[in-house]
1. Can you tell which of Glu164, Glu113, Glu193, Glu149 is surrounded by 12 or more Cβ atoms within 10 Å (Cβ to Cβ), among the acidic types (Asp, Glu) and closer than 30 Å to Ala295 by Cα?
2. Name the residue, out of Ser221, Ser287, Ser256, that is over 25 Å from Lys45 (Cβ atoms) and among the hydroxyl-bearing types (Ser, Thr, Tyr).
3. Kindly list the number of the only condition in (1) under 13 Å from Leu117 (Cβ atoms); (2) under 23 Å from the mean Cα position of the chain (by Cα) that fails for Arg133.
4. Check whether at least one residue in the stretch 221-230 is of a type outside the set (D, E, K, R) and exposed (fewer than 13 other Cβ atoms within 10 Å of the Cβ), and report yes or no.
5. Being assigned to a helix (DSSP H, G or I) and either without any contact (Cβ under 8 Å) to a residue 12 or more places away in the chain or of a type in the set (A, V, I, L, M, F, W, C) (or both): is that true of Leu145 here?
6. Would you mind stating whether Ser136 is part of a helix (DSSP H, G or I), among the small types (Gly, Ala, Ser), without any contact (Cβ under 8 Å) to a residue 40 or more places away in the chain and surrounded by fewer than 18 Cβ atoms within 10 Å (Cβ to Cβ)?
7. Please return the ranges of helices (runs of 4 or more DSSP H) entirely within the stretch 234-330 where 3 or more residues are loosely packed, with under 13 Cβ neighbours inside 10 Å.
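The values are calculated or read from the model by the stated rules, or taken from the named source; none is laboratory data. What you see is a predicted model, and the numbers here were worked out from it, not measured in a lab. When we count neighbours, we look across all protein chains shown, and the Cβ atoms used for this are built from the backbone with ideal geometry, even at glycine.
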Amino acid sequence: MQNAKSIFNPKSYQFLLGTHHNKKVIWVKFDYDKNLINHLRSAVKACWSASQKAWYVADNSYHRQLFGLKMEVVGKDVLLKISMTNMPEFQKYQNILTLKGYAANSIRTYTIEFAQLLYLLKDHAVQDLSAERLQSYFLYCHNELNLSENQIHSRMNAIKFYYEQVLHKPKMFFDIPRPKKPLLLPKALNIEEVKRLFAVTTNLKHRIILQLCYGMGLRVSEIVNLKIADIDSKDMKVRIHRGKGKKDRIVNLPISILDDLRIYYQEYLPKDYIFEGQYGGQYSVRSVQLVFKEAMKKAKINKQIGIHGLRHSYATHLLELGTDITYIQKLMGHNSIKTTQIYTQVIDRSLSKVGSPLDRL
């Protein structure tokens, strides 16, 4: 697994894994320089250790990604709970996930969910479990652990992967029923709220980030991965590289943003990515999320919604404009039209015309 690209110059900073006050930390060491200190503290909440005479931050996936360190799939605490009987199967499981090219977050989620079963089994070999024992385990997850429907599905998918992809036993899950998933409608902003959001975002860079997320229906991972070479201003097309499911797709560049995008480029002079950090390198997902959160606060929009809501708003508003749903499916990068059709329930025009009997009283 490759390391993430860091916004910190490796010639200036040295990162070391360690512990401090019995907690896992990442030590950040460098020659004294006020600019380097300011850079560090502007990017993370770093603490100073007087005893070690060094800066440090918590050892977590966000900081590892920011510093360009190797992402830890699971920590030592997880490994220590797994019996030596099942450790070879656990390692096989991780290897197959890696060989199949699963994303780092997916590998971590699958691995942790599979590990939950191994904890409970202790010295009982996981490969010897029967379908009946597996069904009993999922009943335990329902009745004793009180896991939600989505958590049950996540755990089932992780364990299903082991039996089908590692042991090649696809029939193990035929007789195990799955809980019905709750149908949750996507949360979106209306047109007026989107306008207010842009109006209060006076920083040019921040406003363009929000406008492109909405105007092209991008995920937050896709906006930070956008490169200068991806934009074709002549044909007004943008190539989205390796979106969800590692798929490329083409989206339309909004005509209305072209002038501001050129002004932004001349002012900020990005080298590789369209949006880069203060000291170069890829803009972080966390920074984009904070930009959206601050804009929502300034616009006094109180909806409980994250930046992904701009992508939902894009699809919803296209439907309201009468855009063919199959075009929206392609622009959104959905594998199935069923995924896109959920937006039709948000704007069902026929239902909106049905008045309440209360209005007739």
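1. Matching residue, one of Glu164, Glu113, Glu193, Glu149: Glu193.
2. Just one listed residue meets the conditions, Ser256.
3. (2)
4. Yes.
5. Judged against the criteria, Leu145 is not a match.
6. So Ser136 passes the test.
7. Where helices (runs of 4 or more DSSP H) fall fully within the stretch 234-330 and carry at least 3 residues being loosely packed, with under 13 Cβ neighbours inside 10 Å, they are 258-268.
Every residue, every condition in (1) at pLDDT 85 or above; (2) under 27 Å from Val224 (Cα atoms), yes or no:
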| residue | (1), (2) |
| --- | --- |
| Gly309 | yes, yes |
| Glu320 | yes, no |
| His334 | yes, yes |
| Val354 | no, no |
| Pro357 | no, no |
